[in-house]
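Peer 1: Okay, handing you the structure first.
The values are calculated or read from the model by the stated rules, or taken from the named source; none is laboratory data. These figures come from a predicted structure and were not determined experimentally. No Cβ is skipped: glycine too gets one built from the backbone with ideal geometry, and neighbour counts run over all protein chains shown. Side chains are part of the model used for accessible areas, which takes the heavy atoms of the whole protein and leaves out ligands, DNA and RNA. Shrake-Rupley method; radii C 1.70, N 1.55, O 1.52, S 1.80 Å.
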Amino acid sequence: MKENLNILIVGVGGQGNILLSKILGEVFLNVGYDVKISEVHGMAQRGGSVVTYVKAGTKVFSPLIDKAEADYIIAFEKLEALRWIEYLKKEGILIYSDYEIPPMSVITGVYKYPDVDKIVKKLGVKFYKVDIPSLLTKVGSPRVQNTIMLGVFSRLIGIEESYFRKAIENNVKPEFVEINLKAFAIGRNVDLGEVKI
Amino acid sequence: MRRLMLGNQAVARGCYEAGVKVATAYPGTPSTEITEFISQYSEIYCEWAPNEKVALEVAIGAAIYGKRAICSMKHVGLNVAADPLFTVSYTGVNGGLLIAVADDPGMHSSQNEQDTRNIAKAAKVPVLEPADSQECVDFVKKGFEISEKYDTPVILRLTTRVSHSQSVVEEDSRVEIDYGYKKDIQKYVMMPAMARKRHEIVEKRLNDLKEFAEKTELNRIEEGESNLAFITAGIAYQYVKEAYPDAWVLKLGMVYPLPERLVKDFCSKFEKVYIVEELDPFLEENIKAMGIRNAVGKEIFKMTGEYSPTFIKSAIEKTQVEPPYKLNEELAPRLPVLCPGCPHRGIFYVLSKIKDIIITGDIGCYTLGALSPFNAMDTCICMGASVGMAHGISKASDKKAKVVAVIGDSTFVHSGITGLIDAVYNKSDMLLLILDNSTTGMTGHQDHPATGYTIRGEETFKLDLVSLCKTIGCSVVEEINPYNINENIKKISTLIDKPGVKVLIVKAPCRLHRRYKYVLSKRYIDKNKCKNCKLCLSLGCPAISLKEVPTIDQNLCLACGMCESICRFGAISSVKE
C-alpha cells in the first residue's frame with residue numbers, strides 16, 4: 001500500500017455504511033497501519049445521505065477527507081455516488097452500486113432522479129459499477145450489500161483475503177457471519193473487467 | 001491490546017480504567033454512546049436520567065459520597081444542567097466529578113452551535129479537550145486526578161469529530177477508588193454565609209489551576225521546521241497537523257484556564273501565531289486579553305461550522321481547491337424522513353389536513369413533521385418547549401388561536417411535565433399530543449422512565465402517562481392509535497375547540513424497535529384499481545414511490561397499513577395482485 005489511503009463510503013441511512021467502515025478500519029489496523037474513521041450519526045439515520053471516512057497510513061491526523069482527496073469512493077446508492085464525486089482525486093476510483101433509492105424530493109416530484117451512468121461517463125471518472133440487485137438475489141438476503149461491496153473493493157488494494165474474513169467475523173453479529181462471508185465471496189468473485197472511464 | 005475505538009467509546013473505556021462508580025446521562029447526539037458503552041461494564045452503576053439537570057445532580061451525589069462519577073450530555077444539555085453546575089463549582093467534589101459535554105460544530109443533529117467553553121468559564125470550571133480516542137482515555141483519567149486534587153468538577157469537552165471518529169487506543173486495567181464520605185456543611189450546604197466563603201476558595205482554585213496549566217503535560221509545544229506557528233486544541237489540532245506537518249504547534253489539552261506564561265513565551269518566538277479553534281474565539285479572546293498582539297484568529301477563520309485541513313490551508317494561503325470532477329446540475333436533496341411504518345407519520349398526516357391550527361413542535365424524530373410533505377410544525381426551540389410555547393400562544397391570542405403542541409414521550413418526561421403543570425394551573429386552552437413511541441427514537445432507542453426498562457434492559461416501574469396527566473389536572477386525557485387516520489382527523493378537530501388543557505397520548509411503539517414485534521402484512525398496490533391520484537404519496541412514506549403509478553417497495557414496507565386506510569379506491573391491500 002502507498003503512504004496514505006483515503007476511502008469515502010457513501011450511501012443512505014440504514015445501508016450498513018458504518019459497519020463497513022469498521023470492518024475496513026480493522027483490516028488496516030491489523031495490517032499495521034494507523035487508522036482513523038469518521039462517521040455522522042443522528043438525523044442521518046432517518047434515511048438521509050450518509051458518509052463515512054476511512055483513512056489509513058503510517059500516521060493519520062485529521063479523520064476527515066476533503067474535496068479532491070479520496071483515493072476511492074464506495075457508493076451504496078447511485079445518486080449518492082454523484083453527490084460526493086467532488087471528493088474524488090483526479091486519479092481516484094469510484095465503485096458504485098447500481099441501486100436506486102429515490103429521495104423524498106424525487107418521490108414528491110420536486111426533483112428528477114438523475115441519469116447517473118451518463119453523468120459518471122461524461123465526467124471522465126474512473127469507475128467500477130456493481131450490479132447489486134442481481135447479486136443480492138444470488139446471496140438471498142437484501143441486507144448484505146455492504147459486504148458484497150467490501151468483496152469487490154478487497155480485490156483492488158492488495159491485502160490478503162484472510163484479513164477481511166477475520167474482520168467480518170469480529171464485527172458482524174454471530175448469527176449473520178455466514179451470510180456476510182458468502183456475500184463477501186460473491187463480491188470478491190464478481191468479474192469487474194478493466195476499470196472503466 | 002490495540003483497538004480501534006470511537007471517541008465516545010474511549011471515554012467509556014477511560015471511565016472503566018479510572019474506577020468510575022456512577023455514570024448518568026440523558027441521551028443526546030453526539031454524546032449518547034458514552035453512556036451506552038459504559039453500560040457494558042458491570043463494575044459501573046449506570047443509568048438514563050430523565051434530563052441533564054437530574055443526571056448531573058445524581059453524579060454530584062456520588063462524587064460527594066467519595067466515588068468517581070461521570071455525567072454525559074450534548075452541548076444544549078449543559079444549559080439544562082447549568083443550575084447545579086454553577087453551584088457544584090462552589091461546593092467542589094470529594095471523589096472526582098467529570099462532566100463530558102459534546103459540542104456539535106456543523107450542527108449535524110442539533111438546534112444550535114453553542115460553545116461549551118463559554119459556560120465552563122462562566123461557571124469557573126476547568127476544561128480538558130482531547131484530540132483523538134487515545135486522548136479521550138488519557139484525559140478522562142487526568143480529569144479525575146485534577147478534579148480530586150483541586151476539588152473541582154472538570155468538563156471534558158468533546159466535539160462531533162472526536163466523539164464520532166474511531167482511532168487507535170491501547171487498553172489498560174481498572175483501579176478502584178473510594179475517598180469515603182465526610183459530613184461537611186460548610187462545604188456542601190450552599191446557604192449565603194457558607195457560599196460567600198466558598199466563592200473565595202473558587203477564585204483561589206482558579207489561580208492554582210492557572211499555575212497547574214503552566215506545567216502540565218496536557219499542554220505541549222511541538223517543535224517545527226518552518227516559521228509557521230499555531231495555538232490549537234481538540235480536533236482542530238489534527239487539522240493543523242495534517243495541513244502543516246512542519247509547523248510549530250502549541251497544543252492545548254487544557255483549554256481553560258490557560259497557561260499565560262507558556263502562551264506568551266511561545267508567541268514571542270514568532271512574527272505571527274495562528275489560533276485555530278472551531279466555533280467561538282474562546283482561546284483567541286483569552287490570549288489577546290494577555291496583551292498578545294501577534295495572534296491571528298477569527299479575522300481569517302470562520303465562526304460557524306466545522307473546520308478541515310483544506311479550510312485552514314485556504315484561509316492562510318488564500319487559495320481554493322478545485323475538485324477535478326465537478327457537477328453542473330443541482331442534485332435532488334436527500335433530507336432525513338420518517339421511517340417506513342413510523343407511527344408519527346399518521347399523526348402529522350392528520351395535522352396537515354386540519355386547517356388554521358398552530359403546531360408547536362419539539363426535539364426528536366417527530367421534528368421531521370416540519371418538513372415536506374406534511375409541513376405540520378410551526379416551531380422547534382428546545383427540549384420541552386412545545387408545551388410552554390403552546391400555552392404562551394394561547395394566552396397571547398386571548399385563547400382564540402387553535403394551538404396543538406406535539407412532544408415525544410421521552411422529551412415529555414425530560415421537561416414537558418413542568419410546562420403542562422403550568423398550562424393547567426394557568427387555565428390554558430390547548431391540545432397536547434404526546435407522541436408515545438415507547439422509546440427515545442432519534443438517538444437510537446434509549447429507554448426512559450415511561451418505557452418500564454432501565455439502560456441495561458431490566459424491568460422497572462413504568463411511569464403511566466395517562467394517570468400522570470390526569471393527576472396534573474388536564475381536562476381530557478385519552479389514548480389514541482396513530483394508525484387510525486380517519487378517526488383521528490375527526491377526534492382532533494373536535495377536541496381542539498373544547499376549552500381547557502386536553503391531552504391525547506398517541507400510542508404506538510417505534511416500528512424499528514427490537515422489543516416490539518409486529519405481525520407483518522405488507523401492502524401492495526393493485527394497478528387495475530389505482531387511479532393514479534397520488535394521495536398515498538402525500539404520506540411521505542419512503543416505501544412508496546412513483547413509477548408509472550405509485551408502487552410499494554417490498555424491501556422497505558413495514559406493514560403499518562396507513563396507505564391502505566387513506567386510499568379512496570381500495571387499490572391498496574395486503575393481497576398481492
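Peer 1: Tell me which of B:VAL406, B:GLN446, B:LEU351 sits at the most positive position along the dipole axis of region B:343-507, charges placed on C-beta atoms (Lys, Arg +1; Asp, Glu -1).
Peer 2: B:LEU351
Peer 1: Could you work out how much longer the chain between B:GLU548 and B:ASP178 gets when fully extended? Use 0.36 nm per residue separation minus the Cα distance between them, nm to one decimal. Intermediate values should be presented prior to the final figure.
Peer 2: Working: separation 370, 0.36 × 370 = 133.20 nm, distance 6.94 nm.
Fully extending the segment from B:GLU548 to B:ASP178 adds 126.3 nm.
Peer 1: Residues of region B:52-88 with amide nitrogen under 12 Å from the 7 Å Cα-to-Cβ point of B:ILE201?
Peer 2: B:88
Peer 1: Keeping all protein chains in position, work out how much accessible area B:LEU4 exposes to a 1.4 Å probe, and write it in Å² to the nearest 10.
Peer 2: Surface accessible to solvent at B:LEU4 totals approximately 20 Å².
Peer 1: What residue among A:TYR163, A:VAL195, A:TYR87 has its Cα farthest toward the positive end of the dipole of region A:79-197, where the charges are +1 on Lys, Arg and -1 on Asp, Glu, each on the Cβ?
Peer 2: A:TYR87
Peer 1: Just the number please: accessible area per residue for region B:470-555, 1.4 Å probe, all protein chains included, in Å².
Peer 2: Per-residue accessible area for region B:470-555 comes out at 54 Å².
Peer 1: Now a separate question. Over all directions, how big on average is the projection of the convex hull of the alpha-carbon atoms in region B:524-573, in square nanometres? Spell out each step's value before the answer.
Peer 2: On the way: hull surface 11.9 nm².
In nm², the orientation-averaged hull projection of region B:524-573 is 3.0.
Peer 1: Further question: Show A:LYS59, B:LYS517 ordered by accessible area, largest first, where the area counts protein heavy atoms only and the probe is 1.4 Å. Show your work: numbers first, answer last.
Peer 2: On the way: A:LYS59 110, B:LYS517 170 Å².
Descending order: B:LYS517, A:LYS59.
Peer 1: Sticking with this one: Using a 1.4 Å probe and ignoring any ligands, DNA or RNA, find the accessible area of B:TYR179 and quote it in Å² to the nearest 10.
Peer 2: Around 100 Å² of this residue is reachable by solvent.
Peer 1: Can you tell me how much longer the chain between B:GLU223 and B:LYS462 gets when fully stretched, taken as 0.36 nm per residue apart minus their C-alpha distance, in nm with one decimal?
Peer 2: Working: separation 239, 0.36 × 239 = 86.04 nm, distance 5.81 nm.
Taking 0.36 nm per residue and subtracting the Cα distance, the gain is 80.2 nm.
Peer 1: Right, next: As a test of the definition: with a 1.4 Å probe, what buried accessible area, both sides summed, do you compute for A against B, in Å² to the nearest 100? Walk me through the numbers before you get to the answer.
Peer 2: Details: alone 10190 and 25690 Å², together 30930 Å².
The buried area between A and B, both sides summed, comes to about 5000 Å².
Peer 1: Just need the Rg to Rh number for region B:355-402, please, alpha carbons only, Kirkwood Rh. Write out the running numbers ahead of the final one.
Peer 2: Working: Rg = 11.0 Å, Rh = 11.1 Å.
My calculation puts Rg/Rh at 0.99.
Peer 1: About its Cα centre, how strong a charge dipole does region B:343-507 have in debye, to the nearest 20, once Lys and Arg get +1 and Asp and Glu get -1 at the Cβ?
Peer 2: Working: 16 positive and 16 negative charges, 106 e Å.
I would put it at about 500 debye.
Peer 1: Could you give each residue of region B:164-181 its phi-based ³J(HN,Hα) in whole Hz, using Karplus coefficients 6.51, -1.76, 1.60 with θ = phi - 60°, and x for Gly or Pro?
Peer 2: Karplus-based 3J(HN,Hα) across region B:164-181 equals 10, 10, 9, 8, 7, 10, 9, 7, 9, 9, 8, 10, 9, 10, 8, 8, x, 9 Hz.
Peer 1: Now, a different point. State the antiparallel share, in %, of DSSP beta bridges confined to the protein assembly as shown, rounding to the nearest 5. Could you put the intermediate results ahead of the total?
Peer 2: Values: 37 of 104 bridges.
Approximately 35 percent, going by the DSSP bridge assignments.
Peer 1: Then there is this: Out of all DSSP beta bridges with both ends in region B:220-317, state the antiparallel percent to the nearest 5.
Peer 2: Counting DSSP beta bridges with both partners in region B:220-317, the antiparallel share is about 25 percent.
Peer 1: List for region B:141-166: residues with 20 Å² or greater reduction in accessible area, all protein chains versus chain alone, probe 1.4 Å?
Peer 2: B:ARG161, B:HIS164, B:SER165, B:GLN166
Peer 1: Report the label-to-label distance for B:LEU535 and A:ARG143 in nanometres (one decimal), using points 7 Å from each Cα along the Cα→Cβ vector.
Peer 2: 3.5
Peer 1: With n ≥ 4 as the cut-off for DSSP H runs, can you work out [θ] at 222 nm for chain A, using -39500 (n - 2.57) per run divided by the number of residues, rounded to the nearest 500? Intermediate values should be presented prior to the final figure.
Peer 2: Working: 8 runs with 74 residues, N = 197.
For chain A, the value works out to -10500 deg cm²/dmol.
Peer 1: Determine the residues within region B:1-17 where the difference in accessible area between the chain on its own and the full set of protein chains amounts to at least 10 Å²; count protein heavy atoms only and use a 1.4 Å probe.
Peer 2: Residues passing the criterion (a loss of at least 10 Å², heavy atoms only) are B:ARG2, B:LEU4, B:LEU6.
Peer 1: To the nearest 10 Å², what's B:TYR349's accessible area with a 1.4 Å probe?
Peer 2: Ignoring ligands and nucleic acids, B:TYR349 comes out at about 10 Å².
Peer 1: Also, quick follow-up: Only helices at least 15 Å long along their axis, Cα-based, and averaging 1.0 or more on Kyte-Doolittle count here, so list those DSSP H runs from chain A. If you can, show how the numbers build up before the last one.
Peer 2: Numbers: long enough: A:17-31 (22 Å, 1.32); A:161-171 (16 Å, -1.40); A:177-188 (16 Å, 0.63).
Span-like helices in chain A: A:17-31.
Peer 1: From a point 7 Å beyond the Cα of B:THR418 in the direction of its Cβ, which residues of region B:88-105 have a backbone N at a distance under 19 Å?
Peer 2: B:88-89
Peer 1: Rounded if a/c is under 1.5, else prolate if a/b is larger than b/c, else oblate: which is the protein assembly as shown, with a ≥ b ≥ c the root eigenvalues of its Cα gyration tensor? Walk me through the numbers before you get to the answer.
Peer 2: On the way: a/c = 1.77, a/b = 1.11, b/c = 1.59.
Note, shape of the protein assembly as shown comes out oblate.
Peer 1: Here's a follow-up. Ordering B:ARG205, B:ARG220, A:ARG83 from largest to smallest accessible area (1.4 angstrom probe), what's the sequence?
Peer 2: Working: B:ARG205 15, B:ARG220 85, A:ARG83 65 Å².
Ranked from most to least accessible, the order is B:ARG220, A:ARG83, B:ARG205.
Peer 1: Determine by what factor the alpha-carbon radius of gyration of region B:17-67 differs from 2.2 N^0.38 Å, reporting the quotient. Each step should come with its number before you reach the end.
Peer 2: Details: Rg = 10.6 Å, N = 51, 2.2 N^0.38 = 9.8 Å.
Against the empirical 2.2 N^0.38 Å value, I get 1.08 for region B:17-67.
Peer 1: Then there is this: Which of the listed residues, B:ALA236, B:PHE301, B:ALA247, is farthest toward the dipole's positive end in region B:236-301, when Lys, Arg count +1 and Asp, Glu count -1 at the beta-carbon?
Peer 2: Towards the positive end, the residue furthest out is B:ALA247.
Peer 1: Where the only charges are on Cβ atoms (+1 Lys, Arg; -1 Asp, Glu), what is the dipole of region B:495-543 about its Cα centre, to the nearest 20 debye? Please report the intermediate quantities before stating the final value.
Peer 2: Values: 13 positive and 2 negative charges, 53 e Å.
In debye, rounded to 20, region B:495-543 gives about 260.
Peer 1: Further, regarding this structure: In what order, largest first, do B:GLU271, A:GLU77 sit by accessible area if the probe radius is 1.4 Å?
Peer 2: Numbers: B:GLU271 175, A:GLU77 0 Å².
Sorted by accessible area, descending: B:GLU271, A:GLU77.
Peer 1: Right, something else. Obtain the nm distance between the two label points defined at A:ALA185 and B:THR319 by a simple spin-label model: each point lies 7 Å from its Cα along the Cα-to-C-beta direction.
Peer 2: Taking the two extended label points, one gets 5.0 nm.
Peer 1: Mind putting a number on the dipole of region A:4-189 about its Cα centre? Charges go on the C-beta only, +1 for Lys and Arg and -1 for Asp and Glu, and I need it in Debye to the nearest 20.
Peer 2: On the way: 24 positive and 20 negative charges, 47 e Å.
For this selection, approximately 220 debye.
Peer 1: Report, for chain A, the % of DSSP beta bridges that are antiparallel, rounded to 5. Walk me through the intermediate numbers first.
Peer 2: On the way: 16 of 30 bridges.
DSSP beta bridges in chain A are roughly 55 percent antiparallel.
Peer 1: Quick one: if the Förster radius is 60 Å, what FRET efficiency do B:ASP526 and A:GLU194 give, using the C-beta to C-beta distance and rounding to 0.05?
Peer 2: Working: r = 46 Å, r/R0 = 0.77.
After rounding to 0.05, the efficiency reads 0.85.
Peer 1: What percentage of the solvent-accessible surface of region B:324-399, computed with a 1.4 Å probe over protein heavy atoms, is contributed by carbon and sulfur atoms? Walk me through the numbers on the way to the answer.
Peer 2: Numbers: 1620 of 2940 Å².
Reported share for carbon and sulfur atoms: 55 percent.
Peer 1: Using a 1.4 Å probe over the heavy atoms of the protein chains, calculate the carbon and sulfur portion of the accessible area of region B:220-317 as a whole percent. Mind showing how you got there, number by number?
Peer 2: Details: 1760 of 3740 Å².
Here carbon and sulfur together make up 47 percent of the probe-accessible area.
Peer 1: Between B:VAL519 and A:LEU156, what's the calculated FRET efficiency when r is the beta-carbon distance and R0 is 35 Å? Round to 0.05. Present the calculation step by step, with values, prior to reporting the outcome.
Peer 2: On the way: r = 44 Å, r/R0 = 1.26.
The formula returns an efficiency of 0.20 here.
Peer 1: Taking accessible area as the heavy-atom solvent-accessible surface of the protein chains with a 1.4 Å probe, which residues of region A:72-113 lose no less than 50 Å² upon going from the isolated chain to the full protein assembly?
Peer 2: A:ARG83, A:GLU86, A:LYS90, A:MET104, A:ILE107, A:TYR111
Peer 1: Percent of accessible area on region B:1-94 owned by carbon and sulfur, 1.4 Å probe?
Peer 2: 52
Peer 1: So with the 1.4 Å probe, I'd like the accessible area per residue for region A:4-189, rounded to whole Å². Intermediate results must be reported in sequence, preceding the final value.
Peer 2: Details: 6830 Å² over 186 residues.
With all protein chains present, region A:4-189 gives 37 Å² per residue.
Peer 1: At q = 0.10, 0.11 Å⁻¹, what log₁₀ I(q)/I(0) does a Debye calculation on the Cα points of region B:220-317 give, no solvent, two decimals?
Peer 2: Relative scattering, expressed as log10 I(q)/I(0), comes to -0.22, -0.26.
Peer 1: Between A:ASN171 and B:LYS427, what is the spin-label point distance in nm, taking each point 7 Å from the Cα along the Cα→C-beta axis?
Peer 2: Roughly 6.3 nm, to one decimal.
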